[in-house]
Amino acid sequence: MGIKIAGVGMYVPPRVLTNHDLEKIVETNDEWIRTRTGIVERRIADPEVATSDLAYEAAKIAIERANLKPEDIDAIICATITPDMVFPATAYLVAEKLGIKRPGFDLEAACSGFLYSSTVATAYLRSGIFKNILVIGAETLSRITDWQDRSTCVLFGDGAGAVVYTIDDSPSDILAMELGGDGGCGDLLYMPAGGSKMPASEETVKNRLHFIKMNGRETFKMAVRMMTESVEKVMKKANLTKDDIKLVIPHQANIRIIDAIAEYLGVSREEKFFVNLDKYGNTSAASIPIALAEAVESGRISRGDIIILVAFGGGFSWGAIALRY
Ligand code: ACO
């Protein structure tokens, strides 16, 4: 049975925060941010806008491009580390906005969330429970960014991307999948407070523990290694050569990470990798579906092209999917 991408969509909030704007907030400069990360600007949601609002906008577009109506969606998976609230899941809030009553849940695998969610959707479709699944990656990372910490606040942004996966009788467009994880690295990239271990208190707020903490150097090294390996593994599983691949759509964290992966794989980054982190920064679970939607909109990929999605994030978690768009 054939699983397909029926439609993709993306949405980012209109407010732009440039590197020059950041120079007024923390001790940093445009040149440092550009050369160390490749990021030029990012989008920030207005205070009254929550993750489900961004997710809804992206979802509407993906459903429309799939030539479906919201009622055709059988289930919703929302990948996010910035849900509107702990519960109910953001997936239900999006369903309400779409005007449908459907099962759904949020999946938390940090920046790998969309990729993990896509593998879950694939398994559901193969099992025959559902026919059309909406998978969303949506984040308002600006809410968990420490705007006093220059080592992290320059990296993140807000946005959402969505994909409708469907199943029919033709051969599957999902060619191979690969997932990995290492819980031993949890303290290299995490948000310490706000969960059951350290519930919100005056102390946690005072100590700025409700924000992303990251060991940038170690994260960088692992991201390069595991994303390179993941691409190699899915290529092998799907019997693909470099020439077969039209485009790699990597998690958009840092241009130097993407450059290093391209170098290890022995391909041209400009030719084979999609990059839009200059405009949006790192939007965690939203980064791959936003990039996928832009790759489609800009004509970088067309129907029939073979692409690889590859992610890395907190957990650590990582993975790749080889598919025919
Ligand atoms: N502006 C100016 N200087 C800065 C800034 C800043 N915004 N941030 C750090 N510096 C300084 C540091 O203080 C340090 O100064 P020192 O040498 O005097 O101590 C110097 O710059 C170098 O700092 P490093 O942290 O070593 O810089 P590095 O080259 O490693 O770049 C970065 C930092 C950009 C965070 C990089 O490590 C990185 O991209 N890591 C991976 C992060 C990542 O990909 N995360 C995403 C994966 S998971 C997810 O998406 C949630």
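Read the figures in this text as sums done on the coordinates, not as results from a lab. Predicted model, so just to flag it, every value in this text is computed and none were measured. Glycine gets a Cβ as well: all are built from the backbone with ideal geometry, and neighbour counts include every protein chain shown.
Observations on the model:
- Spin-label model, Arg225/Glu23: points 7 Å from Cα along the beta carbon direction are separated by 3.7 nm.
- Fully extended contour minus Cα-Cα distance, from Ser298 to Asp278, at 0.36 nm per residue: 5.6 nm
- Over the stretch 1-143, the Kirkwood radius and the radius of gyration, each from Cα atoms, give a ratio Rg/Rh of 1.04.
- 11 Å reach of a label modelled at Lys236, 7 Å along Cα-to-Cβ, counting backbone N of the stretch 297-325: none
- Taking a straight Cα-Cα cut-off under 24 Å and skipping sequence neighbours fewer than 8 places away in the same chain, the lysines within cross-link reach of Lys279 are Lys24, Lys60, Lys213, Lys221, Lys246.
- Look at Phe130, Phe156 and count the other Cβ atoms within 10 Å of each Cβ; fewest to most, that gives Phe130, Phe156.
- Panel order for Phe211, Phe87, by other beta carbons found within 10 Å of each beta carbon, from fewest to most: Phe87, Phe211.
- MRE, 222 nm, helices only [DSSP H, n ≥ 4, -39500 (n - 2.57), over the chain, to nearest 500]: -10000 deg cm²/dmol
- Charge dipole magnitude, Cβ of K and R +1, D and E -1 - the stretch 174-324, Cα centre, debye nearest 20: 100 debye
- The stretch 227-232 - phi-based ³J(HN,Hα) in whole Hz, Karplus 6.51/-1.76/1.60, Gly and Pro as x: 6, 4, 4, 4, 4, 4
- Over the Cα atoms of the stretch 67-206, the radius of gyration divided by the Kirkwood radius equals 1.02; this is the Rg/Rh ratio.
- Using only alpha-carbon positions in the chain, the gyration tensor eigenvalues give semi-axes of 29, 24, 18 Å once each is multiplied by 5 and square-rooted (largest first).
- Largest GNM mean-square fluctuation across Asp53, Asp21, Asp146, computed for the chain with C-alpha springs under 10 Å, falls on Asp21.
- Cα-projected label distance for Arg34 with Glu96, points at 7 Å along beta-carbon direction, nm: 4.4 nm
- Label point at Glu64 placed 7 Å out along Cα→Cβ; residues across the stretch 1-29 whose backbone nitrogen lies under 17 Å: 6-14
- Loop-located trypsin sites (Lys or Arg not before Pro) across the stretch 187-288 with a Cβ neighbour count of 10 or fewer within 10 Å are Lys197, with loop assigned by DSSP.
- Prolate/oblate/rounded label for the stretch 181-325 (Cα gyration tensor, a/c 1.5): prolate
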